[in-house]
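Report on the structure given below.
The values are calculated or read from the model by the stated rules, or taken from the named source; none is laboratory data. Predicted model only: the values in this text are computed from it and were never measured. Cβ: placed from backbone, ideal geometry, glycine included. Neighbour counts: every protein chain shown. Just so you know, the surface numbers come from the protein's heavy atoms only, side chains and all, with ligands and any DNA or RNA stripped out. Shrake-Rupley method; radii C 1.70, N 1.55, O 1.52, S 1.80 Å.
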Amino acid sequence: RHIVPILFYAVIGTVFATVATAMIVHKGSAFFHNSCETIPYIDALAFGALISSIDPIAVLSVLSNMGMTDTDTIYVLIFGESLLNDGIAIVLFETLVHFLDDHLRVDANAVMAATIHFFVVAVGSLLIGVASGYCATLYYWMMHGCQTPLVEVIMFFCWALIPYYICDGIEWSGIVAVVATGFVMDLNIIGPKNSMKVNSFDYDFDRDAAASPSSRSRRPVISKVGHLSSEAKTHVGFVTEIVATTMETAIFAYLGLFLFSSRYHWNAHHTMLAISGCCISRAIMIPILGTLANWVIRMQQGNENCQWGSLPQQQQQSSQQSSDSTQQNPGRPAGVVIDRKMQLVLWFAGLRGAMSFALVENIPLYNAATGQGSRVKSEIKAMTSASIVFTVFILGGGTYYMMESLGLAPSSGSKPPRRQTSRNDDVEMIGLLRDDSDVGTMHEEEIMTSNNNTNNDVGQKGNRKRIFRQRLPQRDD
């Protein structure tokens with residue numbers, strides 16, 4: 001239901017922001033040529049491409065702390081845009097880097113060749129990622145129940161890295177391939193989040209069930225519950241979070257350590273132009289593309305209404321009943337209209353971070369012998385660092401207050417209440433765990449009977465105690 005605005009912002013918005021930022025930086029540096037060095041247009045385009053890669057980790061952490069989840073529209077839009085935006089920005093940056101050559105003549109043929117290269121790299125990397133994801137799905141389907149959770153986790157990350165090395169070897173985008181593989185593996189191998197909420201004995205059951213050919217044939221290759229054991233799913237999520245946090249911390253630590261290094265050529269005008277280009281380009285792009293996305297969504301809704309009006313009376317009644325059930329079930333795809341408040345949140349979410357800093361390091365330094373590379377790499381690195389610091393601390397820090405002022409923050413009443421634990425529960429739980437001769441000699445049925453008689457009005461408590469008692473080890477008394 002969010003695919004239209006996500007595609008508009010991630011694909012068209014990235015290209016628009018790249019060109020707009022390059023125009024501001026190039027024209028602005030040429031205007032202040034007496035105080036700063038003029039940034040060539042090709043170098044400005046490379047800077048616009050790398051700085052268009054947004055890093056919404058800080059905003060998503062703020063939204064999560066405010067009580068928002070992946071079912072909220074704002075959360076899904078920011079996360080979806082960031083995933084696709086990174087891939088488009090990387091491919092666009094790698095395409096523009098090839099133009100950093102003094103012997104290359106930029107004409108219509110060169111622009112056409114660059115456009116073809118862009119689409120070939122983007123589509124080719126996407127196909128390699130999807131193919132690798134389905135190969136991984138087939139592997140886990142064949143090996144379901146034959147591996148320990150440790151082997152499942154190791155092979156999961158091995159399959160996730162295979163498309164990166166393939167694309168890197170043929171000079172395509174490994175990041176785009178990894179993102180595509182992650183989508184396929186998340187849907188087919190991990191499965192929905194609800195399937196992770198099972199007891200600790202599911203893995204033994206799945207392993208025993210998968211050992212028989214008849215049970216394996218009943219599980220399809222594209223399964224809705226995934227092919228990982230419950231224990232492996234938990235470990236995959238934990239390891240992924242640890243690795244992502246570690247890499248993000250390393251990038252920002254590197255940024256802080258070398259922020260005032262001699263390799264950075266700082267200039268007040270360059271800093272002002274870089275920050276202005278990031279903010280102004282996104283401020284123009286968000287409302288325009290939001291209006292276009294809303295128009296497309298309304299057109300789709302209008303077509304559905306026209307088709308509904310042409311149906312017979314009986315089919316209209318059945319369609320009305322299905323639409324009522326859709327409103328009760330928000331899982332069915334529906335159009336999302338981006339209003340002004342949501343557009344302001346999306347503008348605040350345009351933080352630059354690790355991806356931009358990693359891309360700026362890949363700009364080749366100018367080589368006088370070959371004529372390739374950028375002469376203003378030190379200036380671009382300083383401009384990138386200034387944009388990252390401004391967006392992370394100023395925009396990221398003000399997101400919480402902005403959300404509250406707009407009234408978009410979830411109310412405290414919508415948060416799920418904490419479970420109240422009574423004193424009787426604590427006393428009875430301690431009674432089950434303490435090493436007492438009287439308790440050790442009691443039969444398990446007598447303990448459960450006394451618990452049920454004490455808590456007749458609360459049936460769920462008895463169920464929890466029964467489950468807990470069954471998982472206690474047998475005493476040798």
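Ligands, DNA and RNA left out, the 1.4 Å accessible surface of the range 1-108 is 66% carbon and sulfur atoms.
For the range 216-287, the equivalent ellipsoid built from the Cα gyration tensor has semi-axes of 45, 22, 8 Å, listed from largest to smallest. Entry note, the range 23-143: relative contact order of 22 percent, from Cα contacts under 8 Å with a spacing of 6+ residues.
Packing here is the average count of other Cβ atoms within 10 Å per residue, and on that basis the peptides 156-162, 38-44, 362-368, highest first, run 38-44, 156-162, 362-368.
Take V151: with every protein chain present and a 1.4 Å probe, its accessible area is about 60 Å². Ordering of 113-120, 286-293, 269-276 by packing is 269-276, 286-293, 113-120, highest average first (other Cβ atoms within 10 Å, averaged per residue). Amide H contacts for S374 (H built 1.01 Å from N in the peptide plane; partners 5 or more residues away or on another chain; cut-off under 5 Å): L365, Y366. Surface exposure of the range 9-62, expressed per residue as accessible area with a 1.4 Å probe, stands at 36 Å².
Normalised Debye scattering of the range 97-182 at q = 0.18, 0.19, 0.20, 0.26 Å⁻¹ gives log10 I(q)/I(0) of -0.79, -0.84, -0.89, -1.14, counting only Cα atoms as equal scatterers and leaving out solvent.
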